[in-house]
Amino acid sequence: MTSVELRNVVAGRPVDGRRTFPKHSPVDGALVAQVHEAGPEVVDAAVAAAREALAGPWGSLPVGERATVLRRVAERIEARFEDFVAAEVRDTGKPEHLVRQLDVARAALNFRSFADTIAAQGLDAYLTDLADGRQALNYAVPKPLGVVAIIVPWNLPLLLLTWKVAPALACGNAVVVKPSEETPSTATLLAEVMAEAGVPDGVYNVVHGFGPDSAGELLTTHEGVDGVTFTGESRTGSAIMRAVAPRVRPVSFELGGKNAAVVFADCDLERTLDGLTRSIFLNTGQVCLCTERVYVERSIFDRVVDGLAERARALRLGRPDAEGTTTGPLISRQHRAKVQSYLDLAIEEGAKVVVGGGVPELGEDLRDGAWIEPTLWVGLDNSSRVVREEVFGPVAALIPFDTEEEAIRLANDTDYGLAAAVWTTDLERGHRVAQQMRVGMAWVNTWYLRDLRSPFGGVGLSGIGREGGTHSLHFYAEPTNVCVQL
Ligand code: NAD
Ligand code: 6OD
């Protein structure tokens with residue numbers, strides 16, 4: 001594979017960094033990119049370019065025209081669909097079919113969906129009755145936050161980036177984005193698409209680099225940044241909150257999860273096993289919504305363990321373009337070391353490995369990749385660290401329960417609160433249990449089924465705020481309320 005050189009993008013122009021860092025393929029360790037790391041000068045220039053763009057035509061573009069621009073971005077993403085697929089596959093090693101169906105398709109949809117949302121936005125207005133019989137008219141004028149810093153992780157790079165860029169632009173902001181150091185490509189390519197779609201220079205800027213002492217921290221501590229929206233680890237969210245605190249800027253955080261599935265004996269077993277397999281192993285378990293704890297009613301526990309083990313064994317690890325590949329590598333050797341430490345810890349904590357548990361033998365050409373076996377454990381309970389801490393890999397612990405109350409208690413026994421899935425054919429129970437989950441998103445008989453207008457986010461360690469549809473507009477715009485006495 002030939003290696004590419006990726007630069008920062010400031011005011012529509014490629015800009016060299018203070019140094020370059022290498023990006024390696026998680027498939028086989030090959031060098032795939034040299035990336036220009038943004039230092040203070042580049043971050044300053046990116047923030048200044050965004051500020052300048054706000055003062056230009058972008059700042060006064062009518063809402064309807066902004067929606068048209070967003071739709072053009074969606075069209076240009078679709079026109080360059082295969083370029084985005086190639087870039088995302090190069091960085092992540094995901095199966096190509098997954099990148100096509102999920103990552104790139106959603107990127108276009110994100111822009112279309114927020115074009116619709118902003119075009120349909122009404123005015124928040126009230127006629128207020130006063131004590132003397134007269135009235136006042138209150139109406140709230142939405143205004144952009146200003147310069148928004150968007151910091152995103154590596155697991156769904158383009159999907160998660162555009163999930164924030166689209167509403168930010170819909171509300172009239174200018175953005176400086178920092179993709180993960182592991183996945184710099186699609187954010188850079190998106191800059192080309194922005195230009196093709198007629199987004200003015202400076203509205204979308206890209207700075208590359210790491211978190212601490214690098215582009216991430218330079219952005220979150222920058223005087224010229226008016227708001228920070230972040231997706232990533234809870235610990236990083238906490239560090240960003242501290243960095244932003246002195247200047248009291250708004251934050252929106254989509255953070256980690258330790259998501260539970262609750263499986264009742266009355267579930268449709270085949271459907272549930274297929275759903276669980278997807279929710280545990282999709283994207284090699286590297287989706288914040290992935291199930292890592294499976295609570296199963298005792299009477300069907302063994303059947304669920306056997307059925308899941310059979311499906312886990314059927315997963316095919318392999319190159320992104322190989323026929324039949326279902327599962328790619330982890331994102332990096334560094335992340336694999338973290339996942340492996342949990343595989344070791346599980347054994348120390350008394351787990352019985354049902355399937356997986358180590359590094360697979362995949363042949364000489366993949367030896368330097370970040371491969372790991374899909375893994376299932378039994379014999380653990382909620383006191384164990386592997387059941388309490390987010391692993392972010394293709395792993396799950398299966399734990400039996402006896403009553404509905406116990407299942408709810410076990411599922412809610414976590415500091416996280418992102419997502420849950422309930423599997424049952426008793427729909428009353430489905431509603432009842434789902435509503436009692438202490439999470440931002442609870443699914444019944446499905447998982448990761450999205451309506452982009454719905455609120456998305458977490459409670460506890462899993463985040464602050466909600467994005468999606470009008471919920472995003474509440475973060476990316478700040479209203480000025482005007483009150484007129486009539
Ligand atoms: P991470 O927190 O390590 O990094 C995310 C981004 O933050 C990267 O761009 C990174 O360079 C940057 N960063 C790191 N430290 C920083 C700092 N001090 N200041 C500013 N920026 C900093 O997360 P990751 O390992 O890339 O992603 C995996 C994590 O993301 C998992 O915990 C997963 O659950 C979470 N995640 C959550 C959601 C959600 O919607 N809730 C979605 C995807 C991923
Ligand atoms: O689908 C989405 O909109 C979304 N924010 C998904 C997050 C997945 C976490 O990895």
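The values are calculated or read from the model by the stated rules, or taken from the named source; none is laboratory data. Being a predicted model, the structure only gives us computed values, none of them experimental. Every residue, glycine as well, gets a Cβ built from its backbone with ideal geometry; the counts of neighbours run over all protein chains shown. Keep in mind that these areas ignore ligands, DNA and RNA; they rest on the heavy atoms of the full protein, side chains included. Shrake-Rupley method; radii C 1.70, N 1.55, O 1.52, S 1.80 Å.
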### Task
Over all alpha-carbon pairs of the range 380-486, lay out the pair-distance distribution in 10 Å bins, whole %, shortest bin first.
12, 36, 30, 12, 6, 3, 1
### Query
Where in the range 441-455 does the label zone of D268 land, with the point 7 angstrom along Cα→C-beta and an amide N cut-off under 11 Å?
445-446
### Message
How much of the DSSP bridge set in the chain is antiparallel, in percent, rounded to the nearest 5?
### Response
45
### Message
Sort 31-43, 105-117 by the packing proxy (mean of other Cβ within 10 Å over each peptide's residues), most packed first.
### Response
105-117, 31-43
### Message
Given points 7 Å out from each Cα along the Cα-Cβ axis, report the E323 to D213 separation in nanometres with one decimal.
### Response
5.0
### Summary
The Cα extents of the range 259-451 along the principal axes, largest first and rounded to whole Å, are 52, 36, 30
## Note on the structure
Asserting the computed 222 nm helical MRE of the chain (DSSP H runs at least 4 long, -39500 (n - 2.57) per run, divided by residue count, to nearest 500) equals -11000 deg cm²/dmol
### By average C-beta atoms within 10 angstrom, highest first, the peptides 92-100, 203-211
203-211, 92-100
### Summary
Whole-percent carbon and sulfur contribution to the accessible surface of the range 170-250 (1.4 Å, no ligands, DNA or RNA) stands at 56
### Rg [Å, one decimal], Dmax [Å, integer] - the chain, C-alpha atoms
23.3, 85
### Query
Using unit Cβ charges (K, R positive; D, E negative) and no other charged atoms, how large, in debye to the nearest 20, is the dipole of the range 203-253 about its Cα centre?
140
### Summary
The farthest towards the positive end of the charge dipole of the chain, of the residues L160, I240, F21, given +1 on Cβ of Lys and Arg and -1 on Cβ of Asp and Glu, is I240
